[in-house]
Amino acid sequence: MTQDDLYDLIRWTNDTDGYQFAKEIYNREEPDEYTRGKFSDMQKHLIRWVASLDYKNRERLTKAINNQAERWIK
């Protein structure tokens, strides 16, 4: 992991809203009770939340961060 990776992770967690979070990480069209709880975990306990993700959701998180980082560059 590089400083840029850490910066991208922090920026993604701050710039992402509940709708984007539910869609990008949990593949749900709108937030529901489950994703609202997970969003709160992400905001309050980032390391614990990342550690709790299964392989597919970690893959989605990586993709979401990289996609957002590409948009910042443009």
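Each value in this text was obtained by applying a stated rule to the coordinates, not by laboratory testing. All of these numbers come straight from a predicted model, not from anything done at the bench. Note: ideal-geometry Cβ built from the backbone for every residue, glycine included; neighbour counts use all protein chains shown.
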_Residue that is farthest from V50 (Cα to Cα), among those in the stretch 6-22 that are touching a residue at least 40 places away in the same chain (Cβ under 8 Å) and not polar (S, T, N, Q)_ = D15
*If you go through the stretch 3-17 one residue at a time, how many are touching an Asp or Glu at 6+ places or on another chain (Cβ under 9 Å) and either over 15 Å from N67 (Cβ atoms) or among the acidic types (D, E) (or both)?*
0
*Could you please let me know if T62 is of a type outside the set (A, V, I, L, M, F, W, C) and under 20 Å from T2 (Cα atoms)?*
yes
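Quick one: which residue in D41, D8, D4 is part of a helix (DSSP H, G or I) and loosely packed, with under 10 Cβ neighbours inside 10 Å?
D4
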_Tally up the residues in the stretch 26-38 that are within 16 Å of K63 (Cβ to Cβ) and either in a helix (DSSP H, G or I) or touching a Gly at 6+ places or on another chain (Cβ under 7 Å) (or both), please._
1
*Test: residue in the stretch 13-25 that is within 21 Å of T2 (Cα to Cα), part of a helix (DSSP H, G or I) and of a type in the set (S, T, N, Q)*: yes
